[in-house]
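The structure under discussion is supplied below as structure tokens; questions concerning it will follow.
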Amino acid sequence: MIKDQHRTPLVEALCRHAKGEKVSLHIPGHKMHGFWPLFKDRVGAFADFDVTELPGLDDLHHPVEAIADASMLAAQAFGSDEAFFLVGGSTVGNLAAIMSVASEDDLLLVGRNAHQSVWNAIHLARATSIALMPELEGESVFGGISPSTVREAVHRYPKAVALVITSPTYHGFASDLREIVRIAHEVGMVVIVDEAHGAHFPFLDSLPVSAIHAGADLVIQSPHKMLGGFTQTGILHVVGQDVSRERIRYVLRILQSSSPSYLLLASIDAARAHMAVNGRSMLQQVIASLERSLTRLQLHGCAPFLHSSAPKDPFKWNIDAHAFSLDGFALAEQLRQNDGIYVELADERYVLLSWSYASTDRDIELTEQAFLRLWGRRQQGAQGSHVADRIVVNHLSAIPRISAPIIPMKLLFSDRAVKREIQDAVGYAVVDHIAVYPPGIPILLPGELVTQGVCDFLQEMVGHGIRVDGIDELQRVNCAD
Ligand SMILES: Cc1ncc(COP(=O)(O)O)c(C=O)c1O
């Protein structure tokens, strides 16, 4: 049955509730008005929606009315068979997806660029993994996973229960999902795609194909990243019948709060309607404006982009800061200080800009002007060179395309884990994820050995003052004894 995508059942139910409620004798304690004044000034208007499971508002864990309706509309709009709304972001989606397919000692094939939540899920399921190396874009950016890597891994480990791919990546690079799904399904392997950064893909054909349309079994999205959901929203989509919906519901009841935020849930409902009704034209308009801006920049000779032939999300710009004689950190800092432009991510070489359907022509113009000013200064030599003399630490080249089975966390838990200074940890297996934030991609997975190359890279990151999870203030890592 075709549903009317203009409808927002949950938002409408909350509006009806706000109108009808005269006295609140239920949680939450703020009773929709009792706030500290400054907070109330700024966010008080949202409070009407910050309610709980009341008559007419349904229950996320047993949805039968407004939430069930909103979820069905979402499944239809995105093209899946069932959509579960999440209040813990794609983090909880990844946890739930993996815990719904993997049991103790099961093996999963996992892209090394998977988010921490994927590794945490494998740990919680007491499963184990083989890490697949994605393609490299530029000097140090993870791209898509190639079908040939998947083919080889599937051939070597046909008994693996699932393949877990991140597509698009944080930087916007997409994998050839149709081919990858075909290869995995040939041997009956479940395909889970972390599409946290690609929730807009189903709404415009010219974007890389969504994992949902490519036939992946479970697809996880963060509506707060590229759509209009509030921070912490997520959707877990199910396609086909190969994963038990009952098990997914059970796992979600374990993982999600018993007091899910209606503000968050309603924002998913609204974001879906906005995309379903207006998405195509909004996305097309921004893409056209971005393309015009790229052309103007190029006319000035300014083309500081990471070059790649991989399929890519046009809403992600990867800027090579070296083109401005800057490193990524300095470029991000200049954009912030001079122009009030806050970027998504900077590393030693690249700066990631994340546009969306809601980016305005003014945003694009201001950014273009900022780049042209920096470009002019570079050409006059006014910038000097802020590209530090450095040894390029290509930590990724040391990583195998298909790893050996990674020592499962359950075997690493030990009272005898030892903290070692980074340089003394070479040759030992780490117990924690060692990940540079953002984007939080583990450089070392628990159970992997520290190599000299990785050790150099980590020391460089710490030297830059970058947050590296898994390294303490004394620059030590937790190693298996
Ligand atoms: C690829 C990827 N997957 C999952 C997540 C987790 O998403 P969320 O922040 O919605 O929990 C992130 C977060 O940045 C991510 O980059």
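Read-outs throughout are calculated quantities, based only on the coordinates presented, and are distinct from any laboratory measurement. Given the structure is predicted, the values throughout are model-derived calculations rather than measurements. Glycine gets a Cβ as well: all are built from the backbone with ideal geometry, and neighbour counts include every protein chain shown.
Once the Cα atoms of the stretch 407-479 are picked out, what are the Rg and Dmax in Å?
11.3, 33
Over the chain, what relative contact order in percent results from Cα pairs under 8 Å that are six or more residues apart?
Working: 923 pairs, mean separation 71.6, N = 481.
Normalised by residue count, the contact order of the chain is 15 percent.
Here is a further query. For the stretch 279-379, max minus min Cα coordinate along each principal axis, in Å, sorted largest first?
Principal extents (largest minus smallest coordinate, Cα): 37, 28, 25 Å.
If we count every other residue with Cβ under 10 angstrom of SER90's Cβ, Lys/Arg +1 and Asp/Glu -1, where does the sum land?
Working: positive: LYS225; negative: ASP194, GLU195.
Surrounding charge for SER90 is -1.
Could you pull the Cα extents of the stretch 144-294 along its three principal axes, largest to smallest, in whole Å?
If we take the Cα atoms of the stretch 144-294, the spans are 46, 45, 22 Å.
Return the aspartates and glutamates within reach of LYS31: Cα separation strictly under 17 angstrom, same-chain partners fewer than 8 residues apart disregarded; answer none if there are no such residues.
By straight Cα distance, LYS31 reaches GLU21, ASP41, ASP48, ASP50, GLU53.
In the stretch 98-158, which trypsin sites (Lys or Arg not before Pro) fall in coil by DSSP and have 16 or fewer other Cβ atoms within 10 Å? Please report the intermediate quantities before stating the final value.
On the way: sites: ARG112, ARG126, ARG151, ARG156; in loops: ARG112, ARG126.
Passing both the DSSP loop test and the Cβ count: ARG126.
Follow-up question, since we're still on this one. Can you tell me the Rg and the Dmax, both Å, for the Cα atoms in the stretch 19-171?
Cα-based Rg and Dmax for the stretch 19-171 come out at 21.5, 64 Å.
Looking at the stretch 9-276, what % of its DSSP beta bridges pair antiparallel, to the nearest 5? Could you put the intermediate results ahead of the total?
Numbers: 11 of 27 bridges.
Once the DSSP bridges in the stretch 9-276 are tallied, antiparallel ones form about 40 percent.
Could you name the aspartates and glutamates in cross-link range of LYS225, using Cα to Cα under 18 Å and dropping any fewer than eight places away on the same chain?
Correct list for LYS225: ASP194, GLU195, ASP269, ASP313, GLU344, ASP363.
Where does the charge balance sit around PRO63 when Lys and Arg score +1, Asp and Glu -1, over other residues with C-beta under 13 Å from its C-beta? It would help to have the intermediate numbers written out before the result.
On the way: positive: ARG245, ARG249, ARG253; negative: GLU53, ASP58, ASP59, GLU65, ASP69, GLU82, ASP269.
Result for the neighbourhood of PRO63: -4.
Placing +1 at every Lys and Arg Cβ and -1 at every Asp and Glu Cβ, with all other atoms neutral, what dipole size does the stretch 407-479 have around its Cα centre, in debye to the nearest 20? Write down the numbers at each step before the final one.
Values: 6 positive and 10 negative charges, 41 e Å.
Its charge dipole is roughly 200 debye.
Can you tell me the Rg and the Dmax, both Å, for the Cα atoms in the stretch 9-276?
Cα radius of gyration and Dmax of the stretch 9-276 are 19.5, 64 Å respectively.
Please rank TYR342, TYR170, TYR250, TYR157, fewest neighbouring Cβ atoms within 10 Å first, as an exposure proxy.
Values: TYR342 9, TYR170 22, TYR250 14, TYR157 17.
Ascending Cβ contact count within 10 Å gives the list TYR342, TYR250, TYR157, TYR170.
How large is log10 I(q)/I(0) at q = 0.08 Å⁻¹ when the Debye formula is applied to the Cα atoms of the chain, each weighted equally and without solvent?
Evaluating at q = 0.08 Å⁻¹ gives log10 I(q)/I(0) of -0.52.
Then there's this: Suppose every K and R has +1 on its Cβ and every D and E has -1 on its Cβ; what is the size of the dipole of the chain about the Cα centre, in Debye to the nearest 20? List each step's numbers first, then the result.
Working: 40 positive and 55 negative charges, 89 e Å.
Dipole of the chain, to the nearest 20 debye: 420 debye.
Follow-up. Quick one: work out the % antiparallel among DSSP beta bridges in the chain, nearest 5.
Details: 32 of 49 bridges.
That works out to approximately 65 percent antiparallel.
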